[in-house]
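Please read the structure below before turning to the comments.
The values are calculated or read from the model by the stated rules, or taken from the named source; none is laboratory data. Just so it is clear, the model here is predicted, and its values are computed rather than measured. Cβ: placed from backbone, ideal geometry, glycine included. Neighbour counts: every protein chain shown.
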Amino acid sequence: MTGQSDAERSVTHGTFVIERTYDAPPARVFAAWADPVVKARWFAEDDDWQSVEYDLDFRVGGQETSRGIMPGGAEFAYHAHYQDIVPDRRIVYAYDMHMDGKRLSVSLSTMELTAAGAGTVLTYTEQGAFLDGHDTPAQREGGSASIFDALAAELRRDPTDG
């Protein structure tokens, strides 16, 4: 237990959808999620984030963990379980977020890829339970949008640069 009274306990449910179009084929966008080195670059490494741990076991039943410290010292932890993977088409995973040991949320996320000419439309849907006022659907949507911006920057990299 976190020491909160019953009056302080709450849950807010929220669903949001983010759509992005990338100038890369679905196989390349999918690979950016599946390759641990590539995903760490755009997902777990950031100028405002001191990465403490990152691990990716990308398979149905596999897990992903990311822990890091934000400016000001707050530690965030992300832990995902992969539920469904269809190469170059779909990834479904459940994840929870913690800040300084407090659970912020539990979510189910679906990432779908659709070919669009030489590019890809990525549609991300998240259904979340945001707990005890520590996070909101709007805050999570904003944070997720910045992650998809980082993915766009990754996809602009020359794939031969490693």
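Considering Gly143, Gly133, the condition of being free of Cβ contacts under 8 Å to residues at least 12 places away in the same chain, surrounded by fewer than 15 Cβ atoms within 10 Å (Cβ to Cβ) and out of contact with any Phe, Trp or Tyr (no Cβ under 8 Å at 6 or more places or on another chain) is satisfied by Gly143 alone. Selection within the range 42-70: residues that are surrounded by 16 or more Cβ atoms within 10 Å (Cβ to Cβ) and out of contact with any strand residue (DSSP E or B) (no Cβ under 6 Å at 6 or more places or on another chain). The member of this set that is modelled with the highest pLDDT is Phe58.
Per-residue answers, yes or no, for (1) polar (S, T, N, Q); (2) without any contact (Cβ under 8 Å) to a residue 24 or more places away in the chain:
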site: Ala34; (1), (2): no, no
site: Arg41; (1), (2): no, no
site: Asp55; (1), (2): no, yes
site: Arg59; (1), (2): no, no
site: Thr65; (1), (2): yes, yes
site: Ala74; (1), (2): no, no
site: His81; (1), (2): no, yes
site: Ile91; (1), (2): no, no
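Is the range 95-109 home to any residue that is within 25 Å of Arg41 (Cβ to Cβ), out of contact with any Cys (no Cβ under 8 Å at 6 or more places or on another chain), charged (D, E, K, R) and without any contact (Cβ under 8 Å) to a residue 60 or more places away in the chain? Among the residues of the range 95-109, at least one is within 25 Å of Arg41 (Cβ to Cβ), out of contact with any Cys (no Cβ under 8 Å at 6 or more places or on another chain), charged (D, E, K, R) and without any contact (Cβ under 8 Å) to a residue 60 or more places away in the chain, which makes the answer yes.
Taking the conditions exactly as written (of a type outside the set (Asp, Glu), crowded, with 16+ Cβ neighbours inside 10 Å and either within 11 Å of the chain's Cα centre (by Cα) or modelled with pLDDT of 95 or more (or both)), does Thr114 satisfy them or not? Answer is no for this residue.
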